[in-house]
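The values are calculated or read from the model by the stated rules, or taken from the named source; none is laboratory data. These numbers come from a predicted model, not from an experiment. Every residue, glycine among them, receives a Cβ derived from its backbone with ideal geometry; neighbour counts consider all protein chains shown.
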Amino acid sequence: MLRLRAPAKLNLDLRVAPPRPDGFHPLSSWFVTLALGDDLTFDRHPAPGIHFSCSDPSLAVDGRNLVVRAAGDLLDASGHTATGIAISLTKRVPTGGGLGGGSSDAASTLLGVSRLLSLDTPLAPLAERLGSDVPFFLVGGSALCTGRGEVIDPLPPPRPAAALLFFPDVRMPTPAVFKEFDRLRLGTALPARPDALDYRRTLTTLPAHDLLARLANDLEPAAFSLAPQLGELRTEIEQRLHRPVRMSGSGSTLFTLYDTVDEADAAIGGVAGGLPPGVRWLASPICPPA
Ligand code: C5P
């Protein structure tokens with residue numbers, strides 16, 4: 001049996017341009033993986049096909065699940081149509097949270113099935129077809145993602161070692177947030193990729209206090225327009241912690257950064273008691289060693 005961790009991601013920052021003719025939005029985003037993640041196991045199964053089980057009963061276990069699609073696409077592309085695979089998923093990353101849980105599960109499935117069957121089929125084209133964030137998770141760590149998210153340039157890890165994450169009791173559907181972004185006409189031109197890369201490289205040397213002041217997420221006004229309670233929660237956490245709080249991806253997860261995991265753990269005491277019911281929190285290392 002093969003076990004793989006499917007890490008969550010944070011968009012430390014996220015710049016978004018107006019939509020392309022195909023409807024996707026050009027991005028320039030600094031992605032990092034977290035210690036928080038789902039767990040997947042892979043094994044051979046005597047009956048052909050994909051035999052998938054999941055710890056979260058609210059998730060589909062058929063072709064609507066990206067894990068089943070990723071495994072099926074790879075078996076098809078590699079000609080292993082009569083092979084049987086058993087995959088189990090232990091879910092920890094909240095869905096609809098902007099942490100890329102489903103995309104990471106899909107990338108880990110491509111890696112897991114490929115390793116289990118010793119395949120040499122290229123995974124990047126399959127990843128790209130499964131979703132804009134999936135190619136990043138084949139690489140992980142710290143990277144600038146451009147294009148619609150599928151162009152990956154590795155970066156050094158950020159200096160802050162920990163994120164304090166807040167999980168509000170609301171799921172944000174990504175297409176709806178982009179649609180609201182368009183309705184509000186929020187898109188602006190992005191810097192050229194080499195300039196964006198140089199700039200993010202300079203940011204990797206900054207401690208949490210200085211880095212937080214330079215981060216932005218262009219999707220925040222759209223998400224807060226759809227879910228005003230999310231914007232209010234962000235303001236409340238910022239006031240309690242006396243530091244900037246950002247949203248990851250299209251939301252709903254909010255986060256701030258600390259130079260050490262101990263500092264992030266200690267900060268929880270300053271905010272936990274006063275948050276609205278339903279909001280959960282977690283301190284998670286950023287870019288943990290593999
Ligand atoms: O690529 P993925 O299937 O994850 O994207 C989900 C939705 O998010 C797309 O259908 C689109 O509405 C939106 N999206 C976008 N621009 C991107 C990535 C995603 O508009 N770069």
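A few points about this structure:
- Residue within the stretch 165-175 that is within 18 Å of D22 (Cα to Cα) and within 16 Å of the ligand (Cβ to nearest atom) present: yes
- Residue within the stretch 216-228 that is more than 15 Å from the ligand (Cβ to nearest atom), closer than 22 Å to T95 by Cβ, modelled with pLDDT of 95 or more and surrounded by fewer than 16 Cβ atoms within 10 Å (Cβ to Cβ) present: yes
- Candidates F255, F224 - the one that is closer than 20 Å to L206 by Cα and within 20 Å of the chain's Cα centre (by Cα): F255
- Residue-level check: of (1) within 16 Å of the chain's Cα centre (by Cα); (2) of a type in the set (A, V, I, L, M); (3) more than 16 Å from the ligand (Cβ to nearest atom), V245 misses just (1).
- Considered as a group, the residues in the stretch 184-236 that are in a helix (DSSP H, G or I) and among the polar types (S, T, N, Q) include one that is farthest from R20 (Cα to Cα), and that residue is T235.
One line per residue, one yes/no per condition, for (1) under 27 Å from A267 (Cα atoms); (2) under 16 Å from the mean Cα position of the chain (by Cα); (3) at pLDDT 95 or above:
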site	(1), (2), (3)
P156	yes, no, yes
A161	yes, no, yes
F167	yes, yes, yes
V170	yes, no, no
P194	no, no, yes
R200	yes, no, yes
L206	yes, no, yes
L212	yes, no, yes
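- Looking across G149, G131, G100, G141, one residue alone is under 13 Å from the mean Cα position of the chain (by Cα), crowded, with 17+ Cβ neighbours inside 10 Å, more than 11 Å from the ligand (Cβ to nearest atom) and touching a residue at least 40 places away in the same chain (Cβ under 8 Å). It is G141.
- Subset of the stretch 1-57 that is within 16 Å of the ligand (Cβ to nearest atom) and of a type in the set (D, E, K, R) - its residue that is surrounded by the fewest Cβ atoms within 10 Å (Cβ to Cβ): D22
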